[in-house]
Every structure is written in C-alpha cells, then in structure tokens.
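Inspection log for the structure reproduced underneath, given as structure tokens.
Nothing in this text is a laboratory measurement; each read-out follows from the coordinates by a stated rule. In this text the structure is predicted, and so the values were computed from the model without any measurement. Virtual Cβ from ideal backbone geometry, glycine too; neighbours counted across all protein chains shown.
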Amino acid sequence: MVNAANTDKDFAWFQAHLTDDVVIENVSDQYAQLAIQGPNAQQILQRLTEIPLDSVRFYRFQTDVRICGVSVLLSRTGYTGEDGFELYFASNQAPLLWEELLKTGSDLGLVPAGLGARDTLRFEVALPLYGHELSDAISPLEAGLDRFVKFGKADFIGRDALLYQKETGIPRHLVGFEMTGRGVARNGYAVCSGGAEIGIVTTGNYSPSLGKNLGLALVKSEFSDTHFDILIRGKTVEASVIPYPFYTKNYKN
C-alpha cells in the first residue's frame, strides 16, 4: 500500500529492481481504501460485520471479511495514533461503504477527516511521512528507523551504504522539539544554532491534543540533544529538543 502521490514513482522503482522472472502489475485503479480510526472504531465497524473484531490484533489482517455484503481485506492498522481499521476492496464499492459507515457511526461521532486532520494526528505520534521524515535523500538511520534495518541479512539494496554510514558516523538525526518562543514551525524552515544553519524542520504544527507548538527536525548529529532556534519569517525563535513521539498511542496490542 503506497502513498497515492507516489504510486508511479514506487512502481517505477520496483520495475527497475525486478529479478529473475518476477512480473509486477499496477492494479491501483482496481482498489479503494477507507480507514476508520478512533476509540469508537471497533464498536462502529462491529455493527456491519459478523466476524469478532477483537480477534484481529494490531498489524494483523483478515481476508474476505464481509462488510455490508462487500468482500474486504481488513487490517488493524492506521496512520493516526489511535486504534482503528483499514479496509481494502474493489473501488466500485467505495461509495456504498462510505455511506454505510457514516450512517452507522453517526451516533458515536463518526465524521469524515481530511488530510489536514490526518497529518496532525500522525505528527503527534511521530509517524513519518514521505517527503518529510522520509525521502530518497534521508537514510533510515538518519530518520531514526534503524530498528527496521537488519544488517544480519546477507544482502539488501543499500546495505553497503547504510553500513558505511553506521560505521563512520550518522551525520544527521531526526529530533523532536517544542517551541519555547512564540511561533509555529513549518516544514522547510531552517534550524539554526549560533547563527549557523544546522538542519531543517521536516514537520511542525500546533498539537491540539497537547496544546503545544511542536515539531520534528533533521539536524546535524552534534545538535541532536540541545536547544536551537527556528527561523520563522526572518526571525529566530527558540526551541528545545524533547523526546518523541509526543503523544501516547492507543493501539490495540
């Protein structure tokens, strides 16, 4: 499941790395996905299916689950930091499931959520977003995702480059920060220390859950546990490095 804006880019990457007699087909147009997220997600969805949703654990899935008569691949996953489900199904069934979900969950507060709301939620729990905390110019070691890099494997694409970076020193680190001065950091703002630029904000926003102006930044490693400034409209505003994720996830184990 790829970010929709990167479908062509990801497909081209897979095509460029095919081995042996592997064939890849892009079937994106044949499928749709809906995500139902939040503390009432299970209760709402349970009204529309006979399978016991308690049996579906976090990061697990079930195939051919019937919801409103539609065959769905159902996974207990999401991009919000809350419990919930993602539904994958034939694209021509999207209007039906959309309407049924909203109708069924109306008494429990179910409403549509756009990309702005989703981005705030994923940011509070520090889930990385491609083009921000992830890119073809940011290594997983720099992004704090080293737990996904298994050097014990015999080989994988990029292994030598990552091993070299690990052995010689990771030049940048992703850090969380809180604005101690007045201002909201945004993606692309410069991070400075002593008048010199030391990094860049990858995501910054007001956190509705915590009532603070927070951010994530990719900075030179020697500044990853200190104070620094964010350049906001030509003025430096103080910020302090803090641990992330900022918000405690409520995923079902």
Exercise. Over all Cα pairs of the range 122-253, how is the pair count split among 10 Å bins, expressed in % and running from 0 up to the last occupied bin?
Worked result: 12, 42, 31, 13, 2
For this session: Only Lys, Arg, Asp and Glu count, each charged at its Cβ (+1, +1, -1, -1), so figure out the dipole size of the range 4-113 about its Cα centre, rounded to 20 debye.
Result: 340
Exercise. Between the helical axis of 7-16 and the dominant principal axis of the chain, each derived from Cα atoms, what acute angle in degrees is found, rounded to the nearest 10?
Worked result: 80
For this session: Take the Cα radius of gyration of the range 4-113 and divide it by 2.2 N^0.38 Å, with N its residue count; two decimals is plenty.
Result: 1.21
For this session: Might you report the magnitude of the Cβ-based charge dipole of the chain about its Cα centre, with Lys and Arg at +1 and Asp and Glu at -1, to the nearest 20 debye?
Result: 640
Problem set entry | Paramagnetic reach from I242 (point 7 Å along Cα→Cβ, amide N under 12 Å) across the range 109-123 | none
Problem set entry | Partners for K212 among aspartates and glutamates (Cα-Cα distance below 12 Å; same-chain residues under 8 apart left out) | E124, E178
Exercise. Under the classification rounded if a/c is under 1.5, otherwise prolate if a/b is larger than b/c and oblate if not, where does the range 90-190 fall, given a ≥ b ≥ c as square roots of the Cα gyration tensor eigenvalues?
Worked result: oblate
Seminar exercise, completed: For K153, counting only aspartates and glutamates whose alpha-carbon sits under 18 Å away and dropping same-chain residues fewer than eight positions off, the answer is E167
Exercise. Within a Cβ distance under 12 Å of H227, other residues only, what is the Lys/Arg minus Asp/Glu net charge?
Worked result: -4
For this session: Would you look at the GNM of the chain, springs on alpha carbons closer than 10 Å, and say which of D146, D119, D107 moves the most?
Result: D107
For this session: Using a 10 Å cut-off on Cβ atoms, rank the peptides 14-27, 204-217 from the highest mean neighbour count down.
Result: 204-217, 14-27
Exercise. Just one of (i) 6, 23, 27, 23, 14, 6, 0; (ii) 6, 24, 29, 25, 14, 2, 0; (iii) 7, 33, 36, 20, 3, 0 is P(r) over Cα pairs in 10 Å bins from 0, in percent calculated from these coordinates, so which is it?
Worked result: (ii)
For this session: Please give the helix 94-105 orientation as an angle from the longest Cα principal axis of the chain, in degrees from 0 to 90, rounded to the nearest 10.
Result: 90
Seminar exercise, completed: Once the dipole of the chain is set up from charges on Cβ (+1 Lys and Arg, -1 Asp and Glu), the residue from the list G69, L48, V125 lying farthest towards its positive end is V125
